[in-house]
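Below is one structure, written out as structure tokens; the observations come after it.
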Amino acid sequence: MTKIPDAAQAYIAGHRLDEVECVIADLPGIARGKAMPANKFANQKQFFLPNSIFFQTLTGGWAEAADEKEGFIEPDMILVPDLSTTSAAPWTADWTLQVIHDALDQSGKPVPFAPRNVLKRVVELYHKQGWEPVVAPEMEFFLVARNTDPAKPIEPMMGRSGRPAAARQAYSMSAVDEYGPVIDDIYDFAEAQGLEIDGITQEGGAGQVEINLRHGDPVKLADEVFYFKRLIREAALRHDCFATFMAKPIEGEPGSAMHIHHSIVDRDTGQNIFSGPQGGETDAFYHFIAGMQNHLPSVIALLAPYVNSYRRYVKDHAAPINLSWARDNRTTGIRVPISGPESRRVENRLAGMDCNPYLGIAASLACGYLGLLEGKRPDAQYKGDAYDDEEDIPHGLYGALDLFDAAEDMQKVLGEDFCRVYSIVKKAEYEEFLQKISPWEREHLLTNV
């Protein structure tokens, strides 16, 4: 039987557990599910939700005929708790635990379009080759003033000094201190949930923060990012501000990324396959980078899933505009950080913080996996400022979806049923977006054309 984590047991020690939240991530990464009394949870081994939650757009609409094979009849899927994910919900008024669930169909097979199952599928492909993928995500986000009117621009939050958070203060300790009470609650919530933070820094944007997580198993790390997004939002609300994971929330400021570091370990020897016996770079290291270069365009729709996502890919704004690679060069889309041979890794700098962490990590690992199988060499290492190189990232969601739809090899890795549903839902979201008229259009087109 899976053991409930020590942090969860410590949280409820001496208290009567009131409620359990049964949660699952939908396509955008929103926590869906149901809450129930603790005694009911203890007496049930599985729960049910309609699988239509994976056909729902971000705005609450529904993608028509998303399930073409069965018709849109909303069959129930079975939710099975993964007790290893049991975690406190320390912001609630009573003693509550949350548990991430896996989605199975009624025959007991994984639901193919559940994001956690997509990531598990990719990890299992690595395992079949004798490899253990290891990842370390970095999370960037903004703390902003409450914004209750979508027609108004987003503004930085007010710091404890009574002044708005300042931009261009990267790595400033005093800038972090400006919103110290929010950071304190983030630490407290994370400790209660048993989540380990490797570091918190001020980023370049006004009120922009980065949290680094320790490297580890891809599914576990995706679970942690999923939990972190929720706890960070709750910590911000306690202090009359919002935490946003939009890729580009404020005009003229940098965007927010979820940089993903990858290394691959041989399951038999425990050695990093990117480093040879003498510590040099191996063929596998270069094949992984080539996989990134050759296949990342086909999964940009997963790494940059919304129309706003593409505002982040702007020259000289701390986000990549191409698929160049280099060592210790933050202008490239693919970066090799400084490290010793045992921790040699490849960083994908393209993923936005608005992506679903399960799908973002799955897509990134899928590119490297195909590269390892194909055995190709990457382009030559880029020398200098990669912003001077040509752009080769899709400029919008629809173009990214065209590449995604045409990528047959990638669809076999991620799962064809998932890819079909994801594409239909994202196109439905884009069509909803086209129904809205923006302030820019009213300002410049109303009386001028």
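The values are calculated or read from the model by the stated rules, or taken from the named source; none is laboratory data. These numbers come from a predicted model, not from an experiment. Cβ: placed from backbone, ideal geometry, glycine included. Neighbour counts: every protein chain shown. The accessibility values were calculated without ligands, DNA or RNA, using every heavy atom of the protein model including side chains. Shrake-Rupley method; radii C 1.70, N 1.55, O 1.52, S 1.80 Å.
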Name the pairs: first residue in region 373-402 and free of Cβ contacts under 8 Å to residues at least 40 places away in the same chain, second residue surrounded by 14 or more Cβ atoms within 10 Å (Cβ to Cβ) and not in a loop (DSSP other than H, G, I, E, B), Cβ to Cβ under 8 Å, at least 6 apart or on different chains? Tyr398/Lys427; Tyr398/Tyr430
Per-region count, region 224-260, residues crowded, with 21+ Cβ neighbours inside 10 Å and either in contact with a Cys (Cβ under 7 Å, 6 or more places away or on another chain) or assigned to a strand (DSSP E or B) (or both): 6
Residue count for region 36-61, restricted to those that are of a type outside the set (S, T, N, Q), surrounded by 15 or more Cβ atoms within 10 Å (Cβ to Cβ) and either touching a residue at least 60 places away in the same chain (Cβ under 8 Å) or part of a helix (DSSP H, G or I) (or both): 6
Pick out the one residue from Val425, Val449, Val413 that is farther than 13 Å from Val299 by Cβ, among the hydrophobic types (A, V, I, L, M, F, W, C) and buried (at least 22 other Cβ atoms within 10 Å of the Cβ). Val425
Some residue of region 289-309 being within 25 Å of Thr59 (Cβ to Cβ) and either modelled with pLDDT under 95 or in contact with a strand residue (DSSP E or B) (Cβ under 6 Å, 6 or more places away or on another chain) (or both): yes
Only listed residue being open to solvent by 20 Å² or more (accessible area, probe 1.4 Å), within 20 Å of the chain's Cα centre (by Cα) and not charged (D, E, K, R), chosen from Val307, Val299: Val307
Before we move on, is Lys383 assigned to a loop (DSSP other than H, G, I, E, B) and more than 23 Å from Arg312 (Cβ to Cβ)? yes
Does at least one position in region 280-291 carry a residue that is part of a strand (DSSP E or B) and either among the basic types (Lys, Arg) or in contact with a helix residue (DSSP H, G or I) (Cβ under 8 Å, 6 or more places away or on another chain) (or both)? no
Could you tell me whether Glu74 is assigned to a helix (DSSP H, G or I) and open to solvent by 50 Å² or more (accessible area, probe 1.4 Å)? no
Can you report the number of residues in region 403-449 which are of a type outside the set (S, T, N, Q) and either closer than 20 Å to Met292 by Cβ or assigned to a loop (DSSP other than H, G, I, E, B) (or both)? 16
What about Ala31, is it in contact (Cβ under 8 Å) with a residue 40 or more places away in the chain and open to solvent by 40 Å² or more (accessible area, probe 1.4 Å)? yes
Candidates Leu397, Leu350, Leu403 - the one that is modelled with pLDDT of 95 or more, open to solvent by 20 Å² or more (accessible area, probe 1.4 Å) and not charged (D, E, K, R): Leu403
Give me a count of the residues in region 332-363 that are more than 10 Å from the chain's Cα centre (by Cα), β-branched (Val, Ile, Thr) and closer than 14 Å to Leu221 by Cβ. 0
Considering only region 312-330, how many residues are buried (at least 22 other Cβ atoms within 10 Å of the Cβ) and either more than 20 Å from Asp379 (Cβ to Cβ) or under 19 Å from the mean Cα position of the chain (by Cα) (or both)? 4
Among the residues of region 262-278, is any in contact with a helix residue (DSSP H, G or I) (Cβ under 8 Å, 6 or more places away or on another chain), open to solvent by less than 10 Å² (accessible area, probe 1.4 Å), under 30 Å from Pro153 (Cα atoms) and of a type in the set (A, V, I, L, M)? no
Positions within region 53-77 being among the polar types (S, T, N, Q) and modelled with pLDDT of 90 or more, in sequence order: Gln56, Thr57
Filter region 246-270 for residues that are in contact with a Pro (Cβ under 9 Å, 6 or more places away or on another chain) and over 26 Å from Ile300 (Cβ atoms) and give the result. Val265
